[in-house]
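One structure is given here, and the rest of the page talks about it.
Since every read-out is calculated from the coordinates, none of them should be taken as a lab result. Every value quoted in this text rests on a predicted model; they were computed, and no experiment measured them. Heads up, the Cβs are rebuilt from the backbone with ideal geometry, glycines too, and the neighbour counts pull from every protein chain shown.
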Amino acid sequence: MKHFSNRYIFIFSSVMVIAVATLLAMAATMLQPKQLKNLEIEKKKSILESIGVEATAATTENLYDKYITESLVLNSRGENIEGFDAFDIVLKEEEKKPLEEQHLPLFRATAENGEKVTIIPVEGKGLWGPIWGYISVKPDMSTVYGATFDHKGETPGLGAEINTRPFEDMFIGKKLFEDTKFVSVGVVKGGAKDGDPHNVDAISGGTITSKGLEKMLSDCLGKYNDYFVKNRN
Amino acid sequence: MSNQEKEPMFSAKIRKIFTTPLGKENPITVQVLGICSALAVTVKLKPALVMALSVTIVTAVSNFVIAALRDYIPDRIRIIVQLVVIATMVILVDQFLKAYAFDVSKQLSVFVGLIITNCILMGRLEAFAMANKPWPSFVDGLGNGAGYGIILVIVAFLRELLGSGTIYGYPVMQKLGVYSTGYENNGMMILPPMALIVLGLIIWFQRSRNESLIEKK
């Protein structure tokens, strides 16, 4: 091994760091527009999935325009706030504000069977990181029309099962309200009883993710309580 | 598992560099490196394959880069230089996937960090690339990535089949109709301890078959 002077080591490391930083900065800047576009498509795709419309990256834009008829921003009393785009609202930022000041996004869509459904975004914490999803409810504002979930990095095969069809489909037909009281949908370890309108089965080995999902649903959907009550028919 | 498509530049020595990590120098079962990721990503076949592929690419390319620079890297900061190369590679791969293969990148999200910390990478850079020419180092990276991959795939295959009753997401057990006979998926297979046990069985099997691996008393 050759001997290198301190001077050489300093120069070598400086050059290396600058070269690497430039390379990474360039890659990040050049790829960013494409990445943001992917995220937007991903979001639209998830919204569509919650009403049972399967889209590919190529068809998402068209299908989104076709099915999603309206987007609203509400406050916690269920009143419409003008001047904001529901699509651009970041739930994580909203959660930091006091409830009265939060902006609650909501989308309306006409589903495949002609039913007018309301889509609500939800966000919470799983075991390793954020989990989120979209829940669509029927015009009675209680019956779940469809649900889709996703996660940043839950364990594959365990917590990550929340974004699989069999898990998401269990939510279809569940009720958010017991008579007039908001109860949300629970996730039960050991399996929900047949015909239980408020619970679904938890994931074996994914207890913390399941619990996080349950909390996410009751926290996020609970904020829309006033809107649900006012608009049910 | 030998590479059949041989060209003149694949001399016997180069072939050996590729094949030894698959068997008797296997990074997981013999060198016992990269165990943590082998346990973490083997619940299902798909993430295991993606992980195996990513590790292979990153190991091969980092090996190549370090081998090309080996005469200029000051000995005293070589570990830092190796880490910088690995980290840069992983971030670049991640950025490209996010832009051009978004679905794959979602699969990979949690494993990217694991690749940077994978002991196999540092092990190969330090043990091989620092002392060899770029081409053999590249092949060595491929071989070690593949050796790591094989074990991952075997473990993931068994865990997915016995734990979830599927192979690559295809419900085999259901199609075979074994559930009606009272068969149930083994929930233990999904949990990390069974990965360790399966891995232990593979190591046991391999050592019992290969005399050179049996430690002398």
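Over the Cα atoms of segment A:46-231, compute the convex hull volume and normalise it per residue, giving Å³. Display every interim value, and only then the final one.
Values: hull volume 22.3 nm³, N = 186.
For segment A:46-231, the hull spanned by Cα atoms encloses 120 Å³ per residue.
Decide, for chain B, between rounded, prolate and oblate: order the square roots of the alpha carbon gyration tensor eigenvalues as a ≥ b ≥ c, take rounded if a/c falls under 1.5, and otherwise choose prolate if a/b is larger than b/c, else oblate.
Verdict is prolate for chain B.
Quick one: putting +1 on the C-beta of Lys and Arg, -1 on the C-beta of Asp and Glu, what dipole do you get for segment A:46-231 around its Cα centre, in Debye to the nearest 20?
Details: 20 positive and 31 negative charges, 99 e Å.
With only Lys, Arg, Asp and Glu charged at Cβ, the dipole is about 480 debye.
Could you tally up the Lys pairs in segment B:24-210 with alpha carbons closer than 30 Å? Skip any pair fewer than 8 positions apart unless they're on separate chains.
11
Under a 5 Å amide H to amide H cut-off, with H placed in plane at 1.01 Å, what residues pair with A:G186 once short-range neighbours are removed?
It is A:N199, A:V200, by chain and number.
Find the centroid of the Cα atoms in segment B:162-184 and in segment B:87-159, then give the distance between the two in whole Å.
The distance from the Cα centre of segment B:162-184 to that of segment B:87-159 comes to 31 Å.
Can you tell me what share of the DSSP beta bridges in segment A:46-231 is antiparallel? A percent to the nearest 5 is fine. Could the numbers behind the result be given before it?
Working: 29 of 32 bridges.
If we restrict to bridges inside segment A:46-231, about 90 percent are antiparallel.
Can you give me the long-range amide H partners of A:F177? Hydrogens built in the peptide plane at 1.01 Å from N, cutoff under 5 Å, separation of 5 or more residues or another chain.
Those qualifying (amide H under 5 Å, at least 5 residues apart or on another chain) are A:V183.
Taking H placed 1.01 Å from N in the peptide plane, check which residues at least 5 places from A:G153 or on another chain put their amide H under 5 Å from its amide H.
HN-HN under 5 Å from A:G153: A:G129.
Extending each Cα 7 Å along its Cβ direction at B:N185 and A:S13, get the distance between those two points in nm, one decimal.
Taking the two extended label points, one gets 5.0 nm.
Once you've got the GNM for chain B with C-alpha springs shorter than 10 Å, pick whichever of B:M188, B:M51, B:M130 has the biggest mean-square fluctuation.
B:M188
Report, ordered by chain and residue number, the lysines lying within cross-link reach of A:K181, taken as a straight Cα distance under 29 Å and ignoring same-chain residues fewer than 8 apart.
The qualifying lysines are A:K92, A:K96, A:K97, A:K116, A:K125, A:K138, A:K189, A:K193, A:K211, A:K215, A:K223, A:K230.
As a test of the definition: which semi-axes, in Å, follow for the protein assembly as shown when you take the square root of five times each eigenvalue of its alpha carbon gyration tensor? Largest first, please.
Numbers: eigenvalues 452, 168, 62 Å².
Those come to 48, 29, 18 Å.
Report ³J(HN,Hα) in whole Hz for each residue of segment A:182-193, in order, from the Karplus equation J = 6.51 cos²θ - 1.76 cosθ + 1.60 where θ = phi - 60°; Gly and Pro get x.
6, 10, 6, 10, x, 10, 10, 5, x, x, 6, 5
Quick one: 3J(HN,Hα) in Hz for segment B:174-179, Karplus 6.51/-1.76/1.60 with θ = phi - 60°, rounded, Gly and Pro as x.
Result, ordered by residue: 5, 5, 6, x, 6, 5 Hz.
Rounded to the nearest 20 debye, what is the charge dipole size of the protein assembly as shown about its Cα centre when +1 sits on each Lys and Arg Cβ and -1 on each Asp and Glu Cβ?
Numbers: 48 positive and 46 negative charges, 404 e Å.
Here the size comes out at about 1940 debye.
When the Karplus curve 6.51 cos²θ - 1.76 cosθ + 1.60 is applied with θ = phi - 60°, which whole-Hz ³J(HN,Hα) does each residue of segment B:197-210 get, with x for Gly and Pro?
Residue by residue, segment B:197-210 yields 5, 4, 4, x, 5, 5, 4, 4, 4, 5, 5, 5, 8, 10 Hz.
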